[in-house]
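The next block holds one structure in the form of structure tokens; read it before the comments.
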Amino acid sequence: MSEDLALLPAFAELGVAGFQVRDKAATTRELLALTAAVIERVGTYDACVVVDDRLDVALASGAHGVHLGASDLPLAEARRIADAAAPGLVVGATCRDRAAVEAAAAAGADYAGFGPVFATTSKAGLPDPLGVSAVSDAVGVLPLIAIGGISTASAGAVRAAGAHGVAVIGGLWRHPDPLQAAKELVEAVG
């Protein structure tokens, strides 16, 4: 973990604009400490730090936002709490089709994590890959962050389809040279 954290400033320096803190096994205190460590490492680069699933940790840590899935706190409730506690807090939602993006927008989401666009091994239990055409079909409602199986080879295609950006786990952390992968991803979505 400490080696991963050590790479974050270099990623930000290369132009990675956002970081999601995601650790399903962490206790609340561990996740809070991890989020603080990420913010400390990338804060000077004006990179956005978003906490996965946990609005409480996002608020307590001073993160820029929270990303919510279908089984998390409902978006409208998260938006209400965020607006009262930390106006301007970014609230994102996982969406699988245009209708879900429209519903997320109506509930107050600022962006949609859209996918899985491609097959992924980073998260189990996902539906079949949606494909690049689904990205094209869903643009124009909220900024879309393409998720699921994104690699240096596919990032440009989802960006060309209208995605605002990409979220990458395996294509970065399982790459033999994560810094090179980050550079290629930034260039692809440029």
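Points to keep in mind about this one:
- All positions within the stretch 132-169 that are surrounded by fewer than 16 Cβ atoms within 10 Å (Cβ to Cβ) and modelled with pLDDT under 95: Ala153
- Scanning the stretch 11-39 for residues that are surrounded by fewer than 15 Cβ atoms within 10 Å (Cβ to Cβ), closer than 30 Å to Ala188 by Cβ and among the hydrophobic types (A, V, I, L, M, F, W, C) yields a total of 1.
- Hits in the stretch 1-43 (condition: free of Cβ contacts under 8 Å to residues at least 12 places away in the same chain, more than 21 Å from Ser122 (Cα to Cα) and of a type in the set (Val, Ile, Thr)): none
- Of all residues making up the stretch 156-167, the number that are in a loop (DSSP other than H, G, I, E, B) and under 16 Å from Gly18 (Cα atoms): 3
- Enumeration of residues in the stretch 13-51 that are in contact with a strand residue (DSSP E or B) (Cβ under 9 Å, 6 or more places away or on another chain) and acidic (Asp, Glu): Asp23
- Qualifying residue in the stretch 76-94 (condition: touching a residue at least 12 places away in the same chain (Cβ under 8 Å), in contact with a Cys (Cβ under 9 Å, 6 or more places away or on another chain), surrounded by fewer than 22 Cβ atoms within 10 Å (Cβ to Cβ) and not in a loop (DSSP other than H, G, I, E, B)): yes
- Matching entry among Ala153, Ala124 (being among the hydrophobic types (A, V, I, L, M, F, W, C), out of contact with any helix residue (DSSP H, G or I) (no Cβ under 9 Å at 6 or more places or on another chain) and part of a loop (DSSP other than H, G, I, E, B)): Ala124
- Members of the stretch 135-150 found to be outside any loop (DSSP other than H, G, I, E, B), of a type outside the set (D, E, K, R) and over 23 Å from Val90 (Cβ atoms), listed by number: Ser136
- Hits in the stretch 55-75 - residues which are in contact with a Leu (Cβ under 9 Å, 6 or more places away or on another chain) and assigned to a strand (DSSP E or B): Gly65, Val66, Leu68
The values are calculated or read from the model by the stated rules, or taken from the named source; none is laboratory data. For clarity, every value in this text was computed on a predicted model and none was experimentally measured. Every residue, glycine as well, gets a Cβ built from its backbone with ideal geometry; the counts of neighbours run over all protein chains shown.
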